[in-house]
Amino acid sequence: MNILLLGSGGREHTFAWKLSQSKRCTQLFIAPGNAGTAAHGQNVALDPLDFASVGQFVLQSGIDLVLVGPEEPLVRGIWDYFQEHEKLKQIPVIGPSKAGAVLEGSKAWSKKFMERHQIPTAAYREFTAAQVEEGVQYLAQHPLPIVLKADGLAAGKGVVIAMNHRDAETEFRAMLDGKFGTAGERVVVEAFLSGIEFSVFVLTDGKTYKILPEAKDYKRIGEGDTGPNTGGMGAVSPVPFVDETMWEKVEQRIIAPTVKGLRKEKIVYKGFIFFGLIEVNGEPFVIEYNCRMGDPETEVVLPRLKNDLVQLLDNCAKGTLGRVRIRTDKKTATTIFLVSGGYPDQYEKGKTITGLEQVKSGFAFHAGTRGQDGKVLTNGGRVIALTSLAKDITSALRKSRRNAKAVQFEGKYYRRDIGKDLERM
Ligand code: AMP
Ligand code: GLY
């Protein structure tokens, strides 16, 4: 099969690494890819949001399957674009239709969806600009902290947790006043849930679903979970506190009703669903849905997946996932992200990366990198994820930290405490 993978992050390098291991993968193209993906296939200078160019490439290059890494092409309807074209219609796109991607694309819609299907989530209300004063009154009697969410995609910045009523009101007004552009035309005001977060992933063909290994992501920039949110500074899989009892609750109360709900509402969904969950006093709640795999979670989930990924995606496309049994490596995978100095705020690009050849017994999954004249340069905030697989979390973390030290570039920063909380469990 000839496969086109869309995206350019650590998630996509990991996908490319895994796809290229399959005997069924004839040619792999990554658009636009990075310096890491180029080792597993051919990078193509295409913008994943330029559907016409993507479609043209797919037809010209005899692509048999398209895997969409990031959410934006899905939320903007790449699946639907393919459906509308006579020839492209024959080429499966792994990722939901626009109607399915709205699970991530609209927080208000996803809250209503969960309400309709009795899926546990925080209590909420939604407000538009026409309801500012009503919203302000609602906030004034809301217990603290208050969670405010811009409805649409806001590059991971659309969630604010206000610790007092004054900040809540200021933020609420700013959001409805266009702080996040159209993403904030609607704001969800949500009760704060206190607990421990984890991420669960399924692949669904719309009829059935297969559960992939779970993971824990470390979102804050600073050690001890301090400072601003980032795209993710590291991840661990498995997550020790997600035991059999928790899995049963997650599957029965969250996963099954979500897939069934989509089917019942006749929403076409053949792709990954990412459940951002929180455990509160032993009960799981949905914090958010994403319509794709997580990053950096993919960097620890795929190394533990023993199945042939091309086969799995083909089964997904054909609606035959029911035949598949997921096989998981019992080992622990950990990943530590090296980021550019200053990230998630201002940072410089174009720094030379050295020491990659010293990454032994582990993987260096590239995110913001690019190749130039035989060198690898930094090209983004999150630069390289150092994944290790070992018999236990302590050994895996030790390897990831050793590799994190070996890879060098000016301004490099990483969290040395990734996974430490889980190690103690
Ligand atoms: P998101 O940008 O949607 O990934 O959300 C960012 C983070 O906000 C989540 O990972 C949680 O840590 C936090 N968060 C979102 N909703 C809630 C909530 N209802 N209660 C507590 N924390 C929340
Ligand atoms: N790691 C969180 C995300 O991919 O959105």
>> If you consider only alpha-carbon coordinates, what radius of gyration and Dmax does the range 19-178 have, in Å?
In response: 20.8, 61
> Which value, to two decimals, describes the C-alpha radius of gyration of the chain once divided by 2.2 N^0.38 Å?
Replying inline: 0.95
> Which whole-number percent is the relative contact order of the range 1-45 (Cα, under 8 Å, 6+ apart)?
Replying inline: 42 percent
>> In the range 131-173, if the dipole is taken from +1 on Lys/Arg beta carbons and -1 on Asp/Glu beta carbons about the Cα centre, which of His165, Val136, Val147 is farthest to the positive end?
In response: Val147
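Using Cα pairs under 8 angstrom and six or more residues apart, how large is the relative contact order of the range 273-321, in percent? It would help to have the intermediate numbers written out before the result.
Values: 33 pairs, mean separation 12.6, N = 49.
So the answer I get is 26 percent.
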> If you look for lysine pairs in the range 90-233 that are eight or more places apart or on different chains, how many of them have Cα atoms under 19 Å apart?
Replying inline: 15
> Taking Lys23 as the anchor, which lysines have their alpha carbon closer than 19 Å to its alpha carbon, excluding any fewer than eight residues away along the same chain?
Replying inline: Lys306, Lys318
> Among the aspartates and glutamates, which fall within straight-line cross-link reach of Lys264, defined as a Cα-Cα distance under 17 Å, with same-chain neighbours fewer than 8 residues apart omitted?
Replying inline: Glu115, Asp205
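Tell me the per residue accessible area of the chain using a 1.4 Å probe; a whole number in Å² is fine. Don't jump to the answer; show the numbers that get you there.
Numbers: 17960 Å² over 425 residues.
About 42 Å² of surface per residue is accessible.
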> Say the dipole of the range 232-387 comes from +1 at the beta carbon of Lys and Arg and -1 at that of Asp and Glu; which of Ser237, Gly282, Gly319 then lies farthest toward its positive end?
Replying inline: Gly319
> Label Lys318 and Thr394 with points 7 Å out from Cα along Cα→Cβ: what is the distance between them in nm?
Replying inline: 4.6 nm
> Name the trypsin sites (Lys or Arg not before Pro) in the range 272-358 that are in a loop by DSSP and that have at most 10 other C-beta atoms within 10 Å, would you?
Replying inline: Lys306, Arg325, Arg327, Lys330
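Roughly to the nearest percent, how much of the accessible area of the range 297-425 is carbon and sulfur, given a 1.4 Å probe? Mind dumping the intermediate values first?
Working: 2620 of 5770 Å².
Looking at the range 297-425 in its full context, I get 45 percent from C and S.
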>> What is the percent carbon and sulfur in the accessible area of the range 151-208, measuring with a 1.4 Å probe over the protein chains and ignoring ligands?
In response: 50 percent
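Heavy atoms only, probe 1.4 Å: what % of the accessible area of the range 1-102 goes to carbon and sulfur, would you let me know?
47 percent
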> Which percent of Cα pairs goes in each bin when the distances of the range 254-365 are cut into 10 angstrom slices starting at zero?
Replying inline: 10, 28, 34, 20, 8, 0
>> What number results when the radius of gyration of the range 1-53, computed over Cα atoms, is divided by 2.2 N^0.38 Å?
In response: 1.03
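Using just the helices of the chain, give the 222 nm mean residue ellipticity in deg cm²/dmol: DSSP H runs with n ≥ 4 each add -39,500 (n - 2.57), and the total is spread over all residues, rounded to 500. Present the calculation step by step, with values, prior to reporting the outcome.
Working: 14 runs with 116 residues, N = 425.
The helix contribution divided over the chain gives -7500 deg cm²/dmol.
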> When you take every Cα atom in the range 331-425, what is the radius of gyration, and what is Dmax, the widest Cα pair distance, in Å?
Replying inline: 13.4, 46
>> For the range 104-162, take the convex hull of the Cα atoms, compute a quarter of its surface area, and give me that in nm², please.
In response: 4.6 nm²
> Ignoring ligands and nucleic acids, what accessible area does Leu5 show with a 1.4 Å probe (Å², nearest 10)?
Replying inline: 0 Å²
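Where the only charges are on Cβ atoms (+1 Lys, Arg; -1 Asp, Glu), what is the dipole of the chain about its Cα centre, to the nearest 20 debye? Don't skip to the end; give the middle numbers.
Details: 57 positive and 50 negative charges, 292 e Å.
With only Lys, Arg, Asp and Glu charged at Cβ, the dipole is about 1400 debye.
Just want to confirm a number: the relative contact order over the range 131-252, from Cα pairs under 8 angstrom separated by 6+ residues, in percent.
18 percent
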> So which GluC sites (Glu not before Pro) in the range 9-84 are both in a DSSP loop and have at most 15 other Cβ atoms within 10 Å of their Cβ?
Replying inline: Glu84
> To the nearest 10 square angstrom, what accessible area does Glu423 show with a 1.4 Å probe?
Replying inline: 60 Å²
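The values are calculated or read from the model by the stated rules, or taken from the named source; none is laboratory data. Predicted model only: the values in this text are computed from it and were never measured. Using ideal geometry, Cβ is built from the backbone for each residue, glycine included, and neighbour counts are taken over all protein chains shown. Calculation scope for accessible area: heavy atoms of the full protein, side chains included, ligands and nucleic acids excluded. Shrake-Rupley method; radii C 1.70, N 1.55, O 1.52, S 1.80 Å.
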